[in-house]
Amino acid sequence: MNAPWTPGRGSSTREPFVAFVCDDATADQVRPIVVELGWAADKVNKGGLRNAVQTLSVSASPNVLFVDLSESGDPLNDINSLAEVCEPGTVVIAAGQVNDVRLYRDLVASGIQDYLLKPFNPDQLREAFSQAQAVFNAPKHSEAAVERPHLTTAIVGVRGGAGASTVATSLAWLFGEKHGRSTAMLDLDIHFGTGALALDLEPGRGLTDAIENPSRIDGLFIERAMVRANDKLAVLSAEAPIHQAMLSDGSAFFQLQEEMKSAFECTVVDLPRNMLVQHPHLMSDVQATVLVTEMTLAAARDVIRLLAWLKSNAPQSAVFVVANRVPTAGIPEISRKDFEASIERKVDFVIPLDQKLAAQAAKLGKPLAEAGKGAKTSQAFLALASRLVSAAEESADDTAAAASGNKSLLGRLGGLKAMMPSKAKK
Ligand SMILES: Nc1ncnc2c1ncn2[C@@H]1O[C@H](COP(=O)(O)OP(=O)(O)O)[C@@H](O)[C@H]1O
Ligand SMILES: [Mg+2]
């Protein structure tokens with residue numbers, strides 16, 4: 001479950017298994033299976049969920065917890081109070097008499113591993129317990145995540161159609177494919193997002209559910225709600241119904257970012273600019289921001305405004321200006337020179353306009369970077385992805401050096417320099 005880890009209740013004192021049942025009949029059914037699995041029969045307690053909450057609030061949580069909800073008037077609510085006292089990592093199996101698929105779904109969404117309907121037979125118990133033990137022993141995402149610093153990248157389209165979503169999917173794919181990092185893509189264009197579509201996936205209801213019910217968001221929710229594109233890339237995107245507004249104070253989005261941070265090594269947020277205006281706090285933990293622009297007059301104006309906004313609202317984030325859909329022949333609306341003069345900084349990366357490739361990517365349901373292996377367009381994506389990854393690593397090195405008291409001026413300058421975008425090749 002997802003309660004904050006409480007110091008002092010160390011894992012060394014954890015029991016492999018504890019049960020809280022409501023009646024003797026259930027206890028008699030559970031005990032033999034528990035013994036069979038090598039656990040202690042005297043860990044089968046009475047008192048159901050209420051006793052579970054009381055006991056676990058003052059003692060270490062077991063690896064596997066069996067809890068009987070038969071006496072609970074409001075199982076869902078009670079499960080949430082259990083979540084508050086239960087330590088992370090505990091695999092919970094609930095049992096009860098209510099045969100309702102909605103309740104089942106809600107319980108699972110709250111972090112329960114399984115719900116067994118009473119009366120059950122020994123095989124069901126045996127299977128549920130072994131399954132729970134296997135889940136407990138399986139390597140956790142978060143264990144891999146601690147080795148490398150997490151990288152959150154926000155992709156913001158300076159104007160609609162500039163290609164922000166195209167850049168977001170390509171980057172997310174490259175982080176997984178070329179840098180071997182487990183990556184989450186969060187598409188915050190709630191009504192019109194293309195994060196799933198571009199990868200030929202169904203978006204599912206995960207993101208919509210999260211917005212409607214932010215209290216449900218935890219590690220397990222993320223695991224279930226995210227749609228896998230491949231073994232390194234998972235996507236959370238929506239096609240929310242367009243006949244209703246999706247009301248959110250932004251807390252759901254923030255929490256999703258937090259959970260992704262602990263479950264993945266990289267997060268790519270496709271962040272529509274109106275979301276930026278509405279929920280500036282979404283930028284508070286972002287290490288790198290990619291402004292995707294076209295080289296037009298209107299875009300130049302908005303790059304200027306967004307750069308100023310980022311400077312005051314997300315000063316911690318490295319910013320990269322990426323010019324996309326840049327015509328390789330003919331005259332652009334504004335030349336690169338004039339564009340750079342106008343925004344008073346360099347364009348860091350240029351991605352050429354490649355309509356043939358875009359059409360091919362759409363047809364294949366693949367990110368542009370994948371569809372166009374070897375093409376000039378893909379090279380630009382590769383370079384951008386590598387720069388983002390090294391920027392994250394160097395910023396983490398800096399933090400580590402500062403923490404360890406290594407304040408050598410050279411070291412600090414090196415880190416700072418690495419964070420600064422270098423001049424892009426013409
Ligand atoms: N470099 C490019 N060359 C050709 N077409 C592109 C390129 N980048 C994006 N596109 C196309 O431009 C359109 C808009 O891109 P999209 O990523 O949805 O923009 P945004 O998310 O900024 O609104 C899409 O049809 C996409 O395939
Ligand atoms: Mg988009």
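Quick note: the coordinates plus some simple rules give every number you see, no bench work behind them. A quick note: this is a predicted structure, and the numbers were derived from the prediction, not measured. Note that we place each Cβ from the backbone using ideal geometry, even for glycine, and neighbour counts take in every protein chain shown.
Can you give me the span-like helices of the chain, meaning DSSP H runs with 30 Å or more of Cα extent along the axis and Kyte-Doolittle mean at or above -0.5?
Taking the DSSP H segments of the chain (at least 30 Å long, mean hydropathy at least -0.5), we get 376-403.
Could you sort 90-96, 339-345 so that the peptide with the highest average Cβ count within 10 Å comes first and the rest follow in order?
90-96, 339-345
Determine the calculated [θ] at 222 nm for the chain from helices alone, applying -39500 (n - 2.57) to every DSSP H run no shorter than 4 residues and normalising by the residue count; nearest 500 deg cm²/dmol.
Mean residue ellipticity, 222 nm, calculated: -13500 deg cm²/dmol.
Just the Kirkwood number for segment 256-384, please: inverse of mean 1/r across all distinct Cα pairs, in Å, one decimal.
Mean inverse Cα-Cα distance, inverted, gives 16.2 Å.
Hey, could you get me the Stokes-Einstein D for segment 151-419, Kirkwood radius over alpha-carbon pairs, 10 °C and 1.306 mPa s, rounded to whole µm² s⁻¹? If you can, show how the numbers build up before the last one.
Details: Rh = 19.0 Å.
The diffusion coefficient I find is 84 µm²/s.
Quick one: Cα centre-to-centre distance for segment 267-289 and segment 228-252, in angstrom?
Taking the Cα centre of each part, segment 267-289 and segment 228-252 sit 14 Å apart.
Tell me, what is the percent relative contact order of the chain, built from C-alpha pairs under 8 Å that lie six or more residues apart?
Computed over the chain, the figure is 14 percent.
Computed over the Cα atoms, what is the radius of gyration of segment 220-326 divided by 2.2 N^0.38 Å, N being its residue count?
Against the compact-globule rule of thumb, the ratio is 1.19.
Taking the radius of gyration and the Kirkwood hydrodynamic radius from Cα positions alone, what is the Rg/Rh ratio for segment 17-137, to two decimal places?
Using only Cα positions, Rg/Rh for segment 17-137 is 0.91.
Here are some pairs, 311/337; 311/373; 178/356; 346/376; which of them have Cα atoms lying more than 27 Å apart in this structure?
311/373
Post the alpha-carbon centroid distance, segment 82-127 to segment 184-207, in whole angstrom.
29
Compute the whole-percent fraction of alpha carbon pairs in segment 192-249 spaced more than 16 Å apart.
In whole percent, the share of Cα-Cα pairs in segment 192-249 beyond 16 Å is 44.
Jot down the radius of gyration and Dmax of segment 118-215, Cα atoms only, both in angstrom.
19.1, 61
What is the Rg over Rh value, at two decimals, for segment 152-310, using alpha-carbon atoms and the Kirkwood definition of Rh?
Here Rg/Rh amounts to 0.94.
Treating the beta-carbon of each Lys and Arg as +1 and of each Asp and Glu as -1, no other charges, what is the dipole magnitude of the chain about its Cα centre, to the nearest 20 debye?
2200
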